[in-house]
Amino acid sequence: MTNQKVALIIAGGSGMGAAAARKLAQEGYCVAILSSSGKGEALAKELGGIGVTGSNQSNDDLQRLVDLTMEKWGRIDALVNSAGHGPRAPILEISDDDWHLGMEVYLLSAIRPIRLVAPIMAAQGGGSIVNISTAWVNEPTAMFPTSTVFRAGLASFMKIFVDDFSAQNVRMNNVLPGWIDSLTEVEERRKMVPMGRYGKTEEIANTVAFLLSDEAGYITGQSLRVDGGVTKSV
């Protein structure tokens, strides 16, 4: 078993997931990355870690990543759940199939790896999970209907999870990004941001790394907005 901390990054081939993987490697974590494009496997090789090309909608692919990680390092200290993009359409025009796909992309994609990793963390004495969600989870928008619906479900899942696992020192928090530079910049959307700019993937990665760290050891069950002021809390 390694003395270094070990992090799994799901959907870590590009964007915020890849930025999180790079940041955690810089922080001294051993990293294991899953992505469907092959970019995650290439990034893991660059960072000296483990990469699996597969889907976060496949229990078998996720299990393979977990098994390889445990065989190589014998522990899992951190899990980062990122996701791709689900269906978008006017709310009453979304088909049953697309609602089911949205659930896969935004909710089950996080629950599946959590289900595999949380018992390992509990058995080893602790760990931390961060789900990359969306700033609009509490202020639903027609722009992202399946995202906001199912990520609201992820927030509920988190609250139930922390009741069950906090005593075993397994923490979970959600990060809520707004308009981030991994997306194509649109002037109209930039003007929605009080800070007047898109956020940087590195800013999301820094937030993820903090929430996973020992410095955040008393923070669990929280949803942290990182959106330049697009949404506000009371």
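The values are calculated or read from the model by the stated rules, or taken from the named source; none is laboratory data. Keep in mind the model is a prediction, meaning the values are calculated, not measured. Here Cβ is always computed from backbone atoms with ideal geometry, including for glycine, and neighbour counts include all displayed protein chains. Areas reflect the complete protein model, heavy atoms only, side chains present, ligands, DNA and RNA absent. Shrake-Rupley method; radii C 1.70, N 1.55, O 1.52, S 1.80 Å.
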Would you check if MET103 is under 26 Å from GLY153 (Cα atoms) and either hydroxyl-bearing (Ser, Thr, Tyr) or touching a strand residue (DSSP E or B) at 6+ places or on another chain (Cβ under 8 Å) (or both)? no
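Within the stretch 198-206, is even one residue without any contact (Cβ under 8 Å) to a residue 12 or more places away in the chain, surrounded by fewer than 19 Cβ atoms within 10 Å (Cβ to Cβ) and over 15 Å from the mean Cα position of the chain (by Cα)? Don't jump to the end; show me each part of the working.
First pass over the stretch 198-206, keeping only residues without any contact (Cβ under 8 Å) to a residue 12 or more places away in the chain: none.
No, the stretch 198-206 contains no residue that is without any contact (Cβ under 8 Å) to a residue 12 or more places away in the chain, surrounded by fewer than 19 Cβ atoms within 10 Å (Cβ to Cβ) and over 15 Å from the mean Cα position of the chain (by Cα).
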Looking at VAL105, VAL31, VAL80 in this structure, which one is touching a His at 6+ places or on another chain (Cβ under 8 Å) and either closer than 30 Å to TRP179 by Cβ or touching a residue at least 40 places away in the same chain (Cβ under 8 Å) (or both)? VAL105
Suppose we keep only residues that are open to solvent by 70 Å² or more (accessible area, probe 1.4 Å) and of a type in the set (Asp, Glu) within the stretch 43-66. Which one would you say is farthest from the chain's Cα centre (by Cα)? GLU46
Filter result (open to solvent by 60 Å² or more (accessible area, probe 1.4 Å) and either of a type outside the set (A, V, I, L, M, F, W, C) or closer than 22 Å to GLY51 by Cβ (or both)) within the stretch 67-97: ASP67, LEU68, MET70, GLU71, LYS72, HIS85, ARG88, PRO90, GLU93, ASP96, ASP97
